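One structure below.
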Amino acid sequence: MPIEVLLVEDNPGDAELTRIALQDSKISINLNVVEDGVEAMAFLRKQDNYVRKPHPDIVLLDLNLPRKDGREVLAEIKSDDNLKRIPVVVLTTSQSEEDILKAYNLAANCYITKPVDFDQFVKIVQSIENFWFAIVKLPPE
């Protein structure tokens, strides 16, 4: 069975870079992408167009999103008994200490700042893949 990944990312370029970085994986990965926080919560709660979508094993979450930002999404995920065990990796451009503290206070599983360099970005995504998909034992649905 593939690892189910939900990427919440409003930048199409970053979403494509993530897809490219994961496509050479030795592990079977099914990547679903939504562009804002409202869509993320609909996906996670299997609402609207997402009724038949798989339960994600992990969420890669940008913080600066339209409609509902990543901080709100993280707070909702971690306060929902049906979702709170899903690991959430914050993957964002923000290096703000305030954002880092807030994300961890909201129970983010880790916080990674996106590099601007393509090769570094690919290395970061592959590091996430190696750690979260090959080493960590993810919780059952």
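Throughout, read-outs are computed from the coordinates displayed, never taken from laboratory work. Bear in mind the structure is a predicted one, so any value in this text is a computation, not a measurement. Methodologically, a virtual Cβ is constructed for each residue, glycine included, from the backbone with ideal geometry; neighbour enumeration extends over all protein chains shown.
Quick look at the numbers
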{"item": "Relative contact order of region 3-135, pairs being alpha-carbon contacts under 8 Å that are 6 or more residues apart, as %", "result": "25"}
{"item": "Given charges at Cβ of Lys, Arg, Asp, Glu: the chain dipole, positive-most of 92, 112, 50", "result": "50"}
{"item": "Helix-only [θ]222 nm of the chain, DSSP H runs n ≥ 4, -39500 (n - 2.57) each, per residue, nearest 500", "result": "-10500 deg cm²/dmol"}
{"item": "GNM result for the chain, Cα springs below 10 Å: residue of 20, 77, 112 fluctuating most strongly", "result": "20"}
{"item": "Semi-axis lengths, Å, region 28-111, gyration tensor of Cα atoms, sqrt of 5 times eigenvalues", "result": "21, 13, 12"}
{"item": "Pairwise centroid distance, computed over Cα atoms, of region 117-139 with region 1-41, Å", "result": "12"}
{"item": "Vicinal HN-Hα couplings computed from phi for region 16-28 (Karplus, 6.51 cos²θ - 1.76 cosθ + 1.60; Hz; Gly/Pro x)", "result": "5, 4, 5, 4, 4, 5, 8, 5, 8, 5, 7, 9, 6"}
{"item": "Inter-label distance, nm, simple model (7 Å from Cα along the C-beta direction), residue 48/residue 101", "result": "3.4"}
{"item": "R0 of 35 Å, Cβ-Cβ distance residue 16-residue 81: FRET efficiency to nearest 0.05", "result": "0.55"}
{"item": "Dipole magnitude (debye, nearest 20) for region 3-135, charges at Cβ of Lys, Arg, Asp, Glu", "result": "480"}
{"item": "Alpha carbon convex hull of the chain, projected area averaged over orientations, nm²", "result": "8.0"}
{"item": "Under-5 Å amide H pairs with residue 10, H placed in peptide plane, nonlocal only", "result": "none"}
{"item": "Residue of 24, 99, 57 that the Gaussian network model of the chain assigns the largest fluctuation, springs spanning Cα pairs under 10 Å", "result": "24"}
